[in-house]
Amino acid sequence: MNLQALVLLDISSILLMVVLAYLSQRLGVAMKIRPFFTIFYITSILILCASGIDFISVYFNNQLFPLLTLAIRFIAGLAAFVVCMVYWKWLFSAFKA
């Protein structure tokens, strides 16, 4: 896999998680929801770690590293999706006609 494209995707994912964390924090205060938004920051750190592992894996020829980093990204994305649904599920009911 192209490492530069993967790093660009990781950076954009981290920025998206940070923006969602900020917006969810503000929304959570208004709706009096428990602070689940911190999971967005944890997922950002996980994605950053996966990107770091990708850089390290260039020096080691191991087939396990790409699978590990993709699994970390999947877990981070799934956790972010679940937390996003906690804060933003009201949007779906607003669009029902």
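Here is how the numbers come out for the structure above:
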{"quantity": "Projected label distance in nm at Gln63 and Leu9, using a 7 Å step from Cα toward the beta-carbon", "calculated": "2.1 nm"}
{"quantity": "Accessible carbon and sulfur surface of the chain relative to its total accessible area, %, 1.4 Å", "calculated": "77 percent"}
{"quantity": "The chain, relative contact order in percent, only Cα pairs under 8 angstrom and at least six apart counted", "calculated": "31 percent"}
{"quantity": "Simple spin-label estimate for Leu23 and Met85 in nanometres, 7 Å along Cα-Cβ", "calculated": "1.8 nm"}
{"quantity": "The chain: calculated mean residue ellipticity at 222 nm from DSSP helix runs of at least 4, using -39500 (n - 2.57)", "calculated": "-28000 deg cm²/dmol"}
{"quantity": "Whole-number accessible area per residue in Å² for the stretch 5-97, which is evaluated in the context of all protein chains at 1.4 Å", "calculated": "70 Å²"}
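The values are calculated or read from the model by the stated rules, or taken from the named source; none is laboratory data. These numbers come from a predicted model, not from an experiment. All Cβ positions, glycine included, derive from the backbone under ideal geometry; neighbour counts span all protein chains shown. The protein model used for the area step is the full one, side chains on, heavy atoms only, and it has no ligands, DNA or RNA in it. Shrake-Rupley method; radii C 1.70, N 1.55, O 1.52, S 1.80 Å.
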